[in-house]
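The values are calculated or read from the model by the stated rules, or taken from the named source; none is laboratory data. Just so it is clear, the model here is predicted, and its values are computed rather than measured. Cβ placement follows ideal geometry from the backbone for every residue including glycine, while neighbour counts extend to all protein chains displayed. Side chains are part of the model used for accessible areas, which takes the heavy atoms of the whole protein and leaves out ligands, DNA and RNA. Shrake-Rupley method; radii C 1.70, N 1.55, O 1.52, S 1.80 Å.
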Amino acid sequence: MSGPKFDSELATLLERFADATPDQLAARALQHRIDVKYLVARSALAGLVRSLGAGYAAVRVATGALATYRNVYFDTPSFRCFDDHRRGRRGRRKVRIRHYPDRAMSFLEIKTKQTATVTLKQRRQLTYGAQALTVADQLFLDERTDLGPLVPAVGIDYRRITLLDMNVAERLTIDLDLVAYHDGQVRELGAFAVIELKRAQRGETAALRALRNAHIRERSLSKYCTAVVAIHGLRHNRLRPDLRNLEAYR
């Protein structure tokens, strides 16, 4: 289910949520957090969003609750970041420049996987639209990683819905319309949505109950690694479950 009818139905459902305030968003930045991911058919999204209670607020941009995200991921020439993820190494990192076109903002970000579910994110603001790493950017990376010089590996664009739990430090994001690209290659990643539940601590929440009641199970999925496999065709034995998950929604 996609296209204008789908977008109209989802937009109508999202209208019933209160507008998230800047203070609420800042309080749920969750740079150090517990991450859980889910893969969902787009056709199941409306029912899931409908089941969430009134305790959530929607983050809105000028055009509504669907925001555009554009990302350029960086890796070593030998794809060390990808390889660390493929091997399941702790302390693995992802480095990206993320653009927020709706807010005309860009950030250089480092995501470090500290345990199976705990993630630390560090970032610095850039001039909007910056695509390449500057000397200052590389210094920022060198002070926090041992990766050395990095090169662009793949771009990933999507649209995101962000809902904030107004009672606990929790952020629920829903990513749609994922597209991977690099050096003239473009790959659409299927008719699915990636849901991420980001929390300050463990515990039962309305979103967890809604996901469980909808029989939506936690999935292993890295958008970056999936895009690298799709574009560059690298070895991916460990990532086969992720790719099978994606193929189920094509």
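For the chain, take the longest principal axis of its alpha carbons; what is the angle in degrees between that and the long axis of helix 223-232, to the nearest 10 within 0 to 90? Helix 223-232 sits roughly 50 degrees off the main axis of the chain.
Over all other residues within a Cβ to Cβ distance under 11 Å of S51, the charged ones net out to +3, with Lys and Arg as +1 and Asp and Glu as -1.
Remark: the stretch 10-145 carries 46 Å² of accessible area per residue (probe radius 1.4 Å; ligands, DNA and RNA excluded). Computed extension length for A11-A26: 3.0 nm, one decimal, from 0.36 nm per residue of separation with the Cα-Cα distance subtracted.
Across the chain, C-alpha contacts under 8 Å between residues 6 or more apart give a mean separation that, scaled by the residue count, equals a relative contact order of 26 percent. Need one word for the stretch 121-191: rounded, prolate or oblate. Basis is the Cα gyration tensor (sqrt eigenvalues a ≥ b ≥ c); a/c below 1.5 gives rounded, then a/b vs b/c decides. Here the stretch 121-191 falls in the oblate category. Pull out a ≥ b ≥ c, the square roots of the eigenvalues of the alpha-carbon gyration tensor of the stretch 79-135, then state rounded if a/c is under 1.5, prolate if not and a/b is larger than b/c, and oblate in the remaining case. It is prolate, given that a/c is not under 1.5 and a/b is the larger ratio. Applying 1/(1 + (r/R0)^6) with R0 = 25 Å to the Cβ-Cβ distance of T127 and V179 gives a FRET efficiency near 0.55. For the chain, the share of accessible area belonging to carbon and sulfur comes to 50 percent (1.4 Å probe, ligands and nucleic acids excluded). Projected onto planes of every orientation and averaged, the convex hull of the alpha-carbon atoms in the chain covers 12.9 nm². Under 21 Å of direct C-alpha separation, and excluding same-chain neighbours fewer than eight residues apart, K113 reaches these lysines: K37, K94, K121, K198, K223. Across the stretch 147-213, the mean sequence separation of Cα contacts (distance under 8 Å, 6 or more residues apart), normalised by length, yields a relative contact order of 27 percent. Taking every C-alpha pair closer than 8 Å and separated by at least 6 residues, the mean separation divided by the residue count of the stretch 28-96 gives a relative contact order of 21 percent. With each label modelled as a point 7 angstrom along the Cα→C-beta vector, the D19-A169 pair spans 2.7 nm. Could you tally the net charge around V135, taking each other residue with its Cβ under 15 Å from the Cβ of V135, Lys/Arg +1 and Asp/Glu -1? Spelling it out: positives minus negatives among the neighbours equals -2. For R212, neighbours were defined as the other residues whose beta-carbon sits under 12 Å from its Cβ, and their charges (Lys and Arg +1, Asp and Glu -1) total 0. Note on exposure: S222, S78 ranked by accessible area (1.4 Å probe, complete protein assembly) read S78, S222, with the most exposed listed first.
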